[in-house]
Amino acid sequence: MTTARPAGESAPPTASTPSAGHPAAARSVVPPARSRRARLRAARVDPWSVMKVSFLLSVALGVVTIVAVSLLWIVLNGLGVFDSLGGTVKEVTQSETDPEGFDLKATLSMQNTLVFSSAIAVIDVILVTALATLGAFLYNLTASFTGGIEVTLAEED
């Protein structure tokens, strides 16, 4: 049974609330820090999902590569790098039998550069997708022996 106290009166000291004259009053009681932990284990990876995601990411990487090569070619052409380098190569490769020399500017045209970078991007899409899928199969094989990768996530208050 509890008794009601008047508004100004405090509760009597207990073991958890030290009194003002008690030596333990100087020490504050701090509750232990609580942390939540979650242990996650990746025991299997779906190869079909890995193939789809790696295909989409490698296509995005291919598009970025083609755009970057295009922008780089435009900047270098605007700065006159191809004209100056082409003139130097033409002077070095001229001979009596071939007075024209090697035309580097025609070889490094925008069209040729984009065709080459597009071919590299397509090869990259095929290889990255195949290697990521193969990696998923190999991970599943090794995870069946080892139990997979275990990650512990902790949140501290």
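The values are calculated or read from the model by the stated rules, or taken from the named source; none is laboratory data. Model, not experiment: these values are computed from the prediction. All Cβ positions, glycine included, derive from the backbone under ideal geometry; neighbour counts span all protein chains shown. All accessible areas refer to the heavy atoms of the entire protein, side chains included, with ligands and DNA or RNA removed. Shrake-Rupley method; radii C 1.70, N 1.55, O 1.52, S 1.80 Å.
Could you check how many percent of all C-alpha pairs in the stretch 69-112 are farther apart than 15 Å?
Tail of P(r) above 15 Å: 45 percent of Cα pairs.
Long-range amide H contacts for Gly101: which residues qualify at under 5 Å (H placed 1.01 Å from N, peptide plane, sequence gap of 5 or more or a different chain)?
Here Ser95 satisfy the definition.
Which distance in Å, rounded to a whole number, links the C-alpha centroids of the stretch 123-157 and the stretch 86-111?
Taking the Cα centre of the stretch 86-111 as reference, the centre of the stretch 123-157 is 50 Å away.
Heavy-atom accessible area per residue, the stretch 44-122, 1.4 Å probe: how many Å²?
Per residue, the stretch 44-122 has 70 Å² of solvent-accessible surface.
For the residue pair Ile74 and Ile126, what label-to-label distance in nm results when each label sits 7 Å from Cα along the Cα-to-beta-carbon direction?
According to this spin-label approximation, the distance is 3.0 nm.
For the stretch 33-109, state the average projected area of the convex hull of the C-alpha atoms over all orientations, rounded to one decimal in nm². It would help to have the intermediate numbers written out before the result.
On the way: hull surface 48.8 nm².
For the stretch 33-109, the mean projected area of the Cα convex hull comes to 12.2 nm².
Whole-Hz Karplus ³J(HN,Hα) for the stretch 109-115, in order, using 6.51 cos²θ - 1.76 cosθ + 1.60 and θ = phi - 60°, x for Gly and Pro?
5, 4, 5, 5, 5, 5, 5
If you wrap a convex hull around the Cα atoms of the stretch 54-157, how much volume per residue is inside, in Å³?
It is 210 Å³ per residue.
Taking θ as phi - 60°, what are the ³J(HN,Hα) couplings along the stretch 74-86 by the Karplus curve (6.51, -1.76, 1.60), each to the nearest whole Hz, with x for Gly and Pro?
4, 5, 5, 5, x, 7, x, 5, 5, 5, 5, 5, x
Please give the FRET efficiency for Val81 paired with Leu134, using the beta carbon to beta carbon distance and R0 = 30 Å, rounded to the nearest 0.05.
0.15
Compute the Cα gyration tensor for the stretch 88-146, then decide on rounded, prolate or oblate, letting a ≥ b ≥ c be the square roots of its eigenvalues: rounded whenever a/c is under 1.5, prolate when a/b is larger than b/c in the other cases, and oblate in all that remain.
Prolate, because a/c is 1.5 or more and a/b exceeds b/c.
Can you sort Phe137, Phe102 by solvent-accessible area, 1.4 Å probe, largest first?
Phe137, Phe102
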